[in-house]
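The values are calculated or read from the model by the stated rules, or taken from the named source; none is laboratory data. In this text, all values refer to a predicted model and were calculated from it rather than measured experimentally. No Cβ is skipped: glycine too gets one built from the backbone with ideal geometry, and neighbour counts run over all protein chains shown.
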Amino acid sequence: MSSKSQHGFTLIELMVAVAIFAVLTLLGWQVFNNLIQVRERTSVKAEQLGAVQETYEQLSRDFSQALARPVMIGSTAEAAFYLSNNEFHLTRTGVIDPLQLGVAPMERVQYLLQQGKLIRQSFAQVDQSGNLVPNKTVLLSNVGDWQVTTLDKSTSTTWPVDNTPTTTPTTGQIPTGNSTLPMAVQISLTVNDQPLRWLFPMITNLPQPLTVGGTSGTNTGSSSAVVSAASTVTSTPTQDGH
């Protein structure tokens with residue numbers, strides 16, 4: 001009676017099998033890790049792009065609803081649109097009050113760059129003592145090469161170009177100050193080293209509600225010729241300086 005011999009794996013065969021399994025496991029882990037990294041980078045890029053788009057839309061709303069309405073800061077009148085050292089202030093309308101809390105229809109808005117962060121500050125009262133705490137929002141981070149330029153008869157990094165003497169208003173009157181608005185404002189910046197250039201037209205004949213002293217009414221801005229010129233300017237965001 002013959003007996004069948006038992007045949008198993010040799011040590012070399014086991015070592016080869018373990019080595020092949022280790023290589024396949026390493027390759028699989030690298031593929032999985034690369035997918036995770038790509039997903040994380042895509043998520044970060046999407047968040048950055050979303051922040052840039054929201055900032056552009058916020059700027060577009062502020063510029064399109066800008067009023068030729070000077071404001072009082074303490075006893076000093078400030079121009080309707082003020083630009084200095086790449087920081088600009090403007091008065092805007094269009095503030096809604098869905099809860100009927102008595103929110104004013106106008107607000108004073110300021111844009112400035114601090115430590116690489118683009119900040120928007122808004123004041124619910126356009127005429128104030130100067131001690132009012134603004135509503136502060138960080139719109140973008142990692143911002144560089146921030147430059148604001150007005151486009152009118154010529155380009156300028158300051159506004160108003162011609163200062164108008166200011167006086168303290170009486171009750172129920174808007175401040176007497178520089179109410180001129182530029183035809184358009186160009187903003188150049190880099191976000192995460194990506195260059196951007198935005199152009200925003202300004203409309204200078206929006207009605208101005210009078211809120212000083214509680215008096216209501218409207219007042220129109222100036223320069224209808226500027227309005228027609230501004231209407232030809234597009235405000236599509238561009239990249240790489242185009």
Self-check item: Unmet requirement for VAL16, which otherwise passes all of (1) in contact (Cβ under 8 Å) with a residue 12 or more places away in the chain; (2) more than 21 Å from THR180 (Cβ to Cβ); (3) surrounded by 12 or more Cβ atoms within 10 Å (Cβ to Cβ); (4) over 26 Å from the mean Cα position of the chain (by Cα)
Solution: (1)
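When you go through LEU99, LEU59, LEU113 one by one, which is the residue that is of a type outside the set (Asp, Glu), within 24 Å of PRO201 (Cβ to Cβ) and not in a helix (DSSP H, G or I)?
LEU113
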Practice problem: List every residue pair whose Cβ atoms lie under 6 Å apart, where the two residues are 6 or more positions apart in sequence or sit on different chains, the first residue falls within the stretch 72-97 and is on the phi > 0 side of the Ramachandran plot and at pLDDT 85 or above, and the second residue, located anywhere, is among the β-branched types (Val, Ile, Thr) and part of a loop (DSSP other than H, G, I, E, B). | Solution: none
Exercise. Give the number of residues within the stretch 18-58 that are closer than 30 Å to LEU199 by Cβ and of a type in the set (Phe, Trp, Tyr).
Key: 1
Quiz item: In the set VAL44, VAL52, which member is closer than 23 Å to SER188 by Cα and crowded, with 19+ Cβ neighbours inside 10 Å?
Solution: VAL52
